[in-house]
Amino acid sequence: MAFKNSISEPKEKKVKIPEKKVFEPLDEEEVAVMAEVARHEWKPIGKEKMVQMSADGKSMAKNSLSKAGRISIRVTDNDLEGIKTLAVNAGIPTHTYIGMLIHKAATGQIQV
């Protein structure tokens, strides 16, 4: 007497691999950057420059986090708006940006 296997073999499941989505730019500036990259207008900066930029960033972060003293200043509304705009463009908070400017002036990195 032959027994029929009541357990069926698993059927092959076809796994649908999602298509790779292309990065959607957020604004016109990103569209321009993507076009520049496609035209190979952006060049690698090299390891030495990357290490130097990293060290500069760490130094700025360390200096901005040290709370050695506090000051209070008054500035015109127009100057404050300009500083806020520059800080946003730099991608850092306004107070950090102001501290960075003061640090650069104090260390002779910029002339006032």
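Every number in this text was worked out from the coordinates using simple rules, so none of it is lab data. Quick caveat, the model's predicted, so the values are computed rather than measured. A quick note on method: Cβ atoms are made from the backbone with ideal geometry, for glycine too, and the neighbour counts reach across all protein chains shown.
Say R0 is 35 Å: what FRET efficiency, to the nearest 0.05, do Glu29 and Ile71 get from their beta-carbon distance?
0.55
From the phi of every residue in the range 43-55, what ³J(HN,Hα) in whole Hz does the Karplus formula 6.51 cos²θ - 1.76 cosθ + 1.60 yield, where θ is phi - 60° and glycine or proline is x?
3J(HN,Hα) across the range 43-55, in whole Hz: 10, x, 8, x, 5, 4, 5, 5, 5, 5, 5, 5, 5.
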